[in-house]
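**Student:** This structure is in C-alpha cells; I'll ask about it shortly.
Derivation of every value follows stated rules applied to the coordinates shown; laboratory data play no part. Just so it is clear, the model here is predicted, and its values are computed rather than measured. Cβ sites come from the backbone with ideal geometry, for glycine too, and all protein chains shown count toward neighbours.
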Amino acid sequence: MTIPPPPIEFCTRHPDVATGRHCTRCERAACNDCLTPAPVGSHCVDCVRSARPSAAVRAKYWNASQNILVTRTLIAINIVVFVWTVAGNREYDLGLSRVYIENGEWYRVITSGFLHFGLIHVGMNMLLLWQLGQLLEPAMGRTKFTALYFIAMVGGAIGALLVEPNGLTGGASGAVFGLMAAAAVGLKQRGINPMQTGIGSTLILNLLITFAIPGISIGGHIGGALTGAAIGYFLLKPRWR
C-alpha cells in the first residue's frame, strides 16, 4: 500500500511560498516571515494586529503611565523659551516691569514666569520643579497641580511688582517657591513636621539665599511662597479628619 505524500500548503499571505507551519490562533498556513513568536506557539500578522489594543485604548494606557506629564511639559517649555530668548536676545519681550503693565501688557505676568537669565537660573529652577513635580503631581492630579503652579506664578509676579516695580524680573522661581510652600503645608496637614523632611530644609535654604544674594527677586519668591501656601492649604487638604 502506497501512502500519498502530505499535501503541500502555501502561506496565506504569500501564495507562492510553501510552508508547513500554521498560526496557533487561527490555524491558517503561514511562512516564517509571517509568524511572530507568542507565549504559546506563533501568531500570524493578522492575529497579532487584531490582538493589539485600539489607538484609543493605547492612548489611554500611555496617558495613565505619564504620572508627571505636566511637570515634564513645563520643564520643556521653560527650556525652549530659554533657548529662544538667548538666541534672539528677547528678554525684554517677556520680562515683567510696571511700565509694561501700565502699557496694558498683562500677558507678561505669565510670560515672565518662563523667562530665565542664564544657565544657573534656569537649571536650578528646573531641578526644583522636577523634584517637586514628582512629589506633588501624582498626589494632586494634573488639574490641581497645574492650577497651583500658575496661581503661584501669578502671586510671584504680583509680589515682584510690589517690591521691585521698576526692575525687569522673570523666572519660574515664584511658581517653584509656591510648590515648595504648598508641599510644606500639605505635610503639616498630614501630621508631618516639614522641617524633619527635605521640603522644609530646602524651603528655608532658598529663602536664606533669596535675602543673602543680591539681584534675586525677593518679592517674586515671597509672593509665590505665600500664594502657594494659601492655595496648597485647600488643594492638598486631606479628605480624612
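**Student:** Say R0 is 41 Å: what FRET efficiency, to the nearest 0.05, do Leu162 and Gln134 get from their beta-carbon distance?
**Tutor:** FRET efficiency, Leu162 to Gln134: 0.80.
**Student:** In the neighborhood of Glu137, defined by Cβ-to-Cβ distances under 10 Å, what is the net charge if each Lys or Arg adds +1 and each Asp or Glu adds -1?
**Tutor:** +3
**Student:** Among Cys31, Cys26, what is the fewest-to-most ranking by other Cβ atoms within 10 Å?
**Tutor:** Exposure proxy ranking, most exposed first: Cys26, Cys31.
**Student:** Using alpha carbons only, how many degrees (0 to 90, rounded to 10) separate the axis of helix 69-88 from the longest principal axis of the chain?
**Tutor:** 70
**Student:** Hey, in the GNM for the chain with a 10 angstrom Cα cutoff, which one of Ser50, Ser173, Ser112 fluctuates hardest?
**Tutor:** Checking each option, the largest mean-square fluctuation is seen for Ser50.
**Student:** Give the angle, between 0 and 90 degrees and rounded to the nearest 10, that separates the Cα long axis of helix 55-65 from the longest principal axis of the Cα atoms of the chain.
**Tutor:** Around 50 degrees separate the two axes.
**Student:** Mind giving me the FRET efficiency for Tyr92 and Asn67? R0 is 51 Å, r the Cβ-Cβ distance, nearest 0.05 is fine.
**Tutor:** My answer for the efficiency is 0.85.
**Student:** Ok, one more. To test your reading of the geometry: what angle, between 0 and 90 degrees and rounded to tens, separates the Cα axis of helix 173-189 from the longest principal axis of the chain?
**Tutor:** 80
**Student:** Let me ask something additional. Please list, ordered by chain and number, the residues whose modelled amide H lies under 5 Å from the amide H of Phe10; skip anything fewer than 5 residues away on the same chain.
**Tutor:** Hits under the 5 Å cutoff: Thr19.
**Student:** Most mobile of Ala229, Ala139, Ala51 per a Gaussian network model of the chain (Cα springs, under 10 Å)?
**Tutor:** Highest fluctuation among the options: Ala51.
**Student:** For each of Ser42, Ser201, count neighbouring Cβ atoms within 10 Å of the residue's Cβ, then give the residues from fewest to most.
**Tutor:** Neighbour counts put them in this order, fewest first: Ser201, Ser42.
**Student:** Continuing with the same structure: For the chain, what does the helix formula give at 222 nm: sum of -39500 (n - 2.57) over DSSP H segments with n ≥ 4, over the residue count, nearest 500 deg cm²/dmol?
**Tutor:** -19000 deg cm²/dmol
**Student:** Using only alpha carbon pairs under 8 Å that are at least six residues apart, calculate the relative contact order of the chain and give it in whole percent.
**Tutor:** For the chain, the relative contact order is 17 percent.
**Student:** Something else now. Between Val109, Gly159, Val45, whose Cα lies farthest towards the positive end of the dipole of the chain when Lys and Arg beta carbons carry +1 and Asp and Glu beta carbons carry -1, centred on the Cα centre?
**Tutor:** After comparing all options, I get Val45.
**Student:** Which of the peptides 184-193, 219-228, 158-167 is most tightly packed, and how do the rest follow, judged by the mean count of other Cβ atoms within 10 Å per residue?
**Tutor:** By packing density, highest mean first, the sequence is 219-228, 158-167, 184-193.
**Student:** A follow-up question, please. Go ahead and run the numbers for FRET between Ser50 and Ile8, Cβ-Cβ distance against an R0 of 25 Å, rounding to 0.05.
**Tutor:** Calculated value: 0.35.
**Student:** Using a Gaussian network model on the chain with a 10 Å cutoff between Cα atoms, which of Ala230, Ala38, Ala147 fluctuates the most?
**Tutor:** Looking only at Ala230, Ala38, Ala147, the largest GNM fluctuation is found for Ala38.
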